[in-house]
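The values are calculated or read from the model by the stated rules, or taken from the named source; none is laboratory data. Source: prediction; values computed, not measured. For neighbour counting, all protein chains shown are included, and Cβ atoms are generated from backbone atoms with ideal geometry for every residue, glycine included. Each accessible area value is taken on the protein alone, full model and side chains, heavy atoms only, with ligands, DNA and RNA left out. Shrake-Rupley method; radii C 1.70, N 1.55, O 1.52, S 1.80 Å.
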Amino acid sequence: MAALAVDRRREEDDEELFRLYHDVFGHEMTEASRRRWAWQYRDNPHAGGDPEIWVARQDGRILGQYASMPVRLWWGGREVRASWGMDVFLREEARGQGVGALLFDTWSGSVDVALGMGLTTSSYGLFQKLRYRDVGPVPFYRKVLDPAAVLARRVGRAAAAVSGPVLGAVLRSLNPEAPGGTAGVQVRPATGFGPEYDRLWERARGSYAMCVRRDAAYLAWKYERCPRGYARWEARRGEELVGFAVSRHEDHLGLRLGWVVDVFTDASDRPARSALIAAVLADFRRARVARAQVFSLNAGLGAELLRHGFSRGPSPMQFCVRAQAGGAGEFISRERDGDILADPGRWHVTFGDSDMDR
């Protein structure tokens, strides 16, 4: 095999990469990628207009790519350069030749902390082979809001109308919704992400061991300008912003699903978290959502979801991390790095991170 080279994507690579993307993922996913490409790669406030996409070539022929989403990451008491890996693919004949590993190493070597989430079986195996830290699956929480609608998919509408109330009673007994005080917190729809969101980030970030920077520029890009529409909520005590939530709902295989995409407060502010979750659930009920769903790594948010009647379910969202031990990341000490990795329950990772919610 001739010598391989990995460099950054060039504008003239676009159509060849989309053709390869089509060969690997099919027409529907390729067209979806085209629609969001400029937003996803060029408009990211941390990309500087230059997409961070690594391309493997052999004698000038493109073999595959590793795309990434650059972010600023709160990591053990300071902000570092990080990125989410995504949209990796290879030509079939290039698989098993070390091309994927070379792309992975080139990408992860360009940042202080490399993040991989929602991994395919092959990607997950390669992350493990390259000795990334396996954080484990991001916990998944669910709450049935309309038992009859959920049952109707399996037993039909007539039987579900009879059995739905019984299922609802059983679920409430298994996962009771505990009353929670909100300590003077009011929640209302958010109309934009202004400078007070920067101040919220500066106040709250230190309460987490790890969290992607959620400032106004990032939030406006991620949730206002994203091709997918979101509902946005803000929590206040008096005039002070103390948290926000992002949600959406959709019809999926005949069932109305509600996604809690993000909930962010100071980690110690349980009343604000509770008020935001309650507001999103109330909106879901108005929209006749049958089941609410949340991915959250943070233990405090997970506990609050359980208090609101959610239950844990199996999670397919594998999560791996690698922090540099030299070079770009030489500031990371083994002691501090070990402390961060030892307690992922103090991390804040949700469905809104990376490109999971496409």
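Observations, loosely collected:
- Of the residues contained in the stretch 265-277, one or more are found to be assigned to a strand (DSSP E or B) and either of a type in the set (A, V, I, L, M) or crowded, with 21+ Cβ neighbours inside 10 Å (or both).
- Within the stretch 73-87, the residues that satisfy the criterion of being surrounded by fewer than 19 Cβ atoms within 10 Å (Cβ to Cβ) and charged (D, E, K, R) are Arg78, Glu79, Arg81.
- Selection within the stretch 53-67 - part of a loop (DSSP other than H, G, I, E, B) and either without any contact (Cβ under 8 Å) to a residue 40 or more places away in the chain or under 18 Å from Met356 (Cβ atoms) (or both): Gly60
- The single condition among (1) more than 23 Å from the chain's Cα centre (by Cα); (2) loosely packed, with under 15 Cβ neighbours inside 10 Å that Arg42 does not meet is (1).
- Residues of the stretch 222-239 that turn out to be among the basic types (Lys, Arg) and closer than 16 Å to Leu200 by Cα, as a count: 3
- Contacts under 7 angstrom Cβ, first residue in the stretch 197-213 being in contact (Cβ under 8 Å) with a residue 60 or more places away in the chain, partner in a helix (DSSP H, G or I) and of a type outside the set (S, T, N, Q), 6 or more apart: Tyr208/Arg346; Ala209/Ile340; Ala209/Arg346; Met210/Ile340; Cys211/Arg205; Arg213/Trp201
- Test: residue in the stretch 19-37 that is hydroxyl-bearing (Ser, Thr, Tyr), touching a residue at least 24 places away in the same chain (Cβ under 8 Å), outside any helix (DSSP H, G or I) and open to solvent by less than 80 Å² (accessible area, probe 1.4 Å): no
For every residue, the table says whether it meets (1) at pLDDT 75 or above; (2) over 20 Å from His249 (Cβ atoms); (3) part of a helix (DSSP H, G or I); (4) touching a helix residue (DSSP H, G or I) at 6+ places or on another chain (Cβ under 7 Å).
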{"site": "Phe127", "(1), (2), (3), (4)": "yes, yes, yes, no"}
{"site": "Val138", "(1), (2), (3), (4)": "yes, yes, no, no"}
{"site": "Tyr141", "(1), (2), (3), (4)": "yes, no, no, yes"}
{"site": "Ala149", "(1), (2), (3), (4)": "yes, no, yes, no"}
{"site": "Arg153", "(1), (2), (3), (4)": "no, no, yes, no"}
{"site": "Ala158", "(1), (2), (3), (4)": "no, yes, yes, no"}
{"site": "Ala161", "(1), (2), (3), (4)": "no, yes, yes, yes"}
{"site": "Gly168", "(1), (2), (3), (4)": "no, no, yes, yes"}
{"site": "Leu171", "(1), (2), (3), (4)": "no, no, yes, yes"}
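- Criterion: of a type outside the set (Lys, Arg) and either within 30 Å of Gly206 (Cβ to Cβ) or under 17 Å from the mean Cα position of the chain (by Cα) (or both) - qualifying residue of Leu102, Leu130, Leu90, Leu119: Leu119
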